[in-house]
């Protein structure tokens with residue numbers, strides 16, 4: 001026996017703990033109406049996981065818990081446990097016994113347990129599906145449900161028969177596979193959405209990484225180029241710095257020697273007194289020059305006086321002539337002096353001017369003044385004027401005598417100075433032969449000094465250029481270290497190549513500087529390009545690696561998920577094919593057994609199960625709306641819901657014509673239902689079958705046939721029969737009586753068979 005024990009506590013009318021043992025193939029549960037017999041069948045449904053309270057004659061889960069009476073308080077929970085044998089491992093657990101328990105609380109919470117451990121409802125269902133049992137299968141027929149399979153539609157009949165054929169486990173697997181398939185597709189969409197989010201950033205990072213890679217390449221190239229540049233520069237500057245320092249030694253030493261020689265020559269010249277005589281010669285020359293200036297000044301004054309005397313003499317003669325010709329006019333000396341001073345002022349004003357127009361204006365003024373003077377002079381004045389001019393002439397002649405004396409003195413002084421100068425010059429010329437050699441030596445030394453000073457100046461200039469370049473080199477080296485790090489300082493060990501040939505230092509030091517300047521310009525271009533690339537960025541590389549790893553992971557996930565989709569779709573197809581194959585094979589077997597039981601029940605006739613294809617249904621009502629509006633429409637295959645085959649029942653009673661199940665009487669429907677239920681149980685026997693008053697409508701003859709059939713069924717499945725039929729009771733090995741006392745609590749009683757027959761009346 002697979003079903004061994006059932007314990008009911010607080011479930012519906014069983015307020016107190018009640019236990020049922022199932023040690024016989026057929027167990028009958030009897031008792032008066034309303035005693036709670038059907039609650040035993042519903043206890044089976046409950047513990048097997050039924051979720052609809054209505055199938056257990058309740059509206060909500062709380063209705064399954066003992067509600068209480070005046071004598072017995074209501075319960076807080078209801079529990080039902082079932083003990084099953086698992087020695088043959090029909091259940092997928094490694095235990096010899098399987099205990100299923102379900103507990104419901106008033107707050108609606110349900111607990112499910114397998115061998116005392118809490119599990120999910122899904123775990124209960126999957127465990128039971130392996131043994132072809134469940135809460136709503138063909139193996140549990142509640143009171144009034146015998147006719148259910150006949151009144152069901154073709155699709156519902158198919159589901160009942162699939163359940164009877166033990167296809168539930170495949171259905172669970174297919175539903176689970178479909179659920180996993182949908183979840184997998186949802187996951188694919190989520191992963192693809194994540195990839196779509198990651199993709200733009202990844203592309204951006206790829207572009208940045210390419211820039212970084214180009215920057216690294218350029219940096220490596222720059223490193224090599226820098227090494228070549230620095231090697232050239234260092235070699236060139238070091239060589240030429242040392243060379244110029246060495247070359248300076250020769251002119252510096254030579255200049256020191258020439259300085260000593262020059263001092264020696266100077267001493268030689270000093271010993272002949274040339275400097276002192278030259279000083280005297282200069283002083284004599286200065287005295288002669290001064291005497292000549294004084295002589296010239298005396299000559300100038302003497303000339304002026306001679307001119308004035310000559311002018312006055314001519315003036316006196318002219319006046320005397322006029323006096324002789326004209327009446328005598330007296331002119332004062334003061335008047336003559338005044339006009340002379342005016343004329344002299346005009347002459348002095350223009351005497352040193354090159355302006356012809358100014359000269360003309362001055363001459364015009366002088367002529368005008370003279371004319372005015374002449375007009376103002378009368379004959380009386382002319383006589384006076386002649387007298388005054390004679391006085392002036394006498395005065396000028398006195399001044400001339402004084403000037404002549406002074407001039408004679410100046411001439412004498414000039415001759416004396418000239419004699420002194422000539423004497424000194426003669427002395428110097430006499431010494432010239434003695435100092436000429438010293439002068440030539442000094443000339444040579446001075447020229448040679450100038451030559452070496454010029455050479456040293458050139459070397460100093462070149463050295464200053466090299467030193468400037470060395471300072472620039474230090475700055476460039478520091479710049480290289482900042483840009484390239486320690487690699488920049490390794491230039492000293494670098495080997496300069498020209499193709500495959502090594503460049504020797506002597507080639508480097510003789511290189512045209514323009515070539516190195518071109519290298520410098522190329523370096524600057526490379527540094528600018530490197531700055532544009534941004535150089536290396538560890539953060540970008542790290543982020544790209546992380547994002548790429550994530551994208552690769554997502555790609556792998558999509559690949560794995562697509563592979564899972566293919567496997568699940570293949571599994572679903574295999575399960576569907578297997579379900580269909582087993583259903584087709586099983587329906588034929590059930591149909592044959594149905595016919596056999598039907599003939600046994602009715603003493604003839606025939607019964608047949610026929611597969612039919614339901615009419616296709618559209619997924620929406622849009623088509624109907626189009627048709628109602630008189631518009632043409634075309635329904636595609638995708639818009640039509642796929643339907644599985646349904647099951648149609650056709651029976652023929654002996655000696656009676658019927659055209660459908662609706663024409664059967666109540667007893668005929670009951671016998672037909674029982675025949676089909678028993679047929680399903682024969683093809684794929686469940687562990688146990690629970691029948692609640694399925695024999696209520698049977699007469700005595702049919703009851704015997706019913707009893708024969710249940711005995712045949714008991715060879716393959718345990719039977720729990722809730723009945724009032726004595727014939728049925730007689731076939732049971734164990735009888736449980738159910739009574740209800742005045743407190744409303746159902747109780748189980750041990751009843752002898754003979755007593756049970758009396759109780760059942």
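The values are calculated or read from the model by the stated rules, or taken from the named source; none is laboratory data. Remember, predicted model here, so these are calculated numbers, not experimental data. Methodologically, a virtual Cβ is constructed for each residue, glycine included, from the backbone with ideal geometry; neighbour enumeration extends over all protein chains shown.
Scanning the stretch 732-748 for residues that are in a loop (DSSP other than H, G, I, E, B) and under 14 Å from residue 16 (Cα atoms) yields 741, 743, 744, 745.
Let me confirm something: among 358, 374, 385, 370, which residue is part of a helix (DSSP H, G or I) and at pLDDT 70 or above?
Just a single option satisfies the conditions, and that option is 370.
Within the stretch 143-180, the residues that satisfy the criterion of being in contact with a strand residue (DSSP E or B) (Cβ under 6 Å, 6 or more places away or on another chain), part of a helix (DSSP H, G or I) and farther than 16 Å from residue 681 by Cβ are 154, 155, 158.
Taken over the stretch 285-305, the criterion of being under 26 Å from residue 392 (Cβ atoms) and exposed (fewer than 14 other Cβ atoms within 10 Å of the Cβ) is satisfied by 297, 300, 303.
Tell me, which residue of the stretch 55-76 that is within 60 Å of the chain's Cα centre (by Cα) and surrounded by fewer than 16 Cβ atoms within 10 Å (Cβ to Cβ) is farthest from residue 9 (Cα to Cα)? Spell out the reasoning first.
Here is the first cut: in the stretch 55-76, the ones within 60 Å of the chain's Cα centre (by Cα) are 59-62.
Among the residues that remain, those that are also surrounded by fewer than 16 Cβ atoms within 10 Å (Cβ to Cβ) are: 59-60.
Working: 59: 20, 60: 18 Å.
Top of the filtered list is 59.
For the stretch 663-676, the count of residues that are free of Cβ contacts under 8 Å to residues at least 24 places away in the same chain, more than 17 Å from residue 718 (Cα to Cα) and surrounded by fewer than 18 Cβ atoms within 10 Å (Cβ to Cβ) is nonzero. Only one of the listed residues (314, 214) is in contact (Cβ under 8 Å) with a residue 40 or more places away in the chain and part of a helix (DSSP H, G or I). That residue is 214.
Only a single item in (1) modelled with pLDDT under 90; (2) within 18 Å of residue 51 (Cα to Cα); (3) buried (at least 17 other Cβ atoms within 10 Å of the Cβ) is not met by residue 102, and it is number (1).
From the list 462, 418, 467, the one residue that fits, being within 23 Å of residue 278 (Cβ to Cβ), assigned to a helix (DSSP H, G or I) and in contact with a helix residue (DSSP H, G or I) (Cβ under 8 Å, 6 or more places away or on another chain), is 418. Considered as a group, the residues in the stretch 58-105 that are in a loop (DSSP other than H, G, I, E, B) and touching a helix residue (DSSP H, G or I) at 6+ places or on another chain (Cβ under 8 Å) include one that is nearest to residue 132 (Cα to Cα), and that residue is 91.
Might you check whether a residue that is touching a residue at least 24 places away in the same chain (Cβ under 8 Å), over 51 Å from the mean Cα position of the chain (by Cα), surrounded by fewer than 19 Cβ atoms within 10 Å (Cβ to Cβ) and assigned to a loop (DSSP other than H, G, I, E, B) occurs anywhere in the stretch 114-132? Checking the stretch 114-132: at least one residue is touching a residue at least 24 places away in the same chain (Cβ under 8 Å), over 51 Å from the mean Cα position of the chain (by Cα), surrounded by fewer than 19 Cβ atoms within 10 Å (Cβ to Cβ) and assigned to a loop (DSSP other than H, G, I, E, B).
Screening residue 239 on (1) touching a residue at least 12 places away in the same chain (Cβ under 8 Å); (2) within 19 Å of residue 557 (Cα to Cα) shows it passes everything except condition (2). Per this entry, residue 108 is counted among residues that are loosely packed, with under 13 Cβ neighbours inside 10 Å and either touching a helix residue (DSSP H, G or I) at 6+ places or on another chain (Cβ under 7 Å) or assigned to a strand (DSSP E or B) (or both). Filtered by the rule that a residue be surrounded by fewer than 18 Cβ atoms within 10 Å (Cβ to Cβ) and in contact with a strand residue (DSSP E or B) (Cβ under 8 Å, 6 or more places away or on another chain), the stretch 27-54 gives 32, 34.
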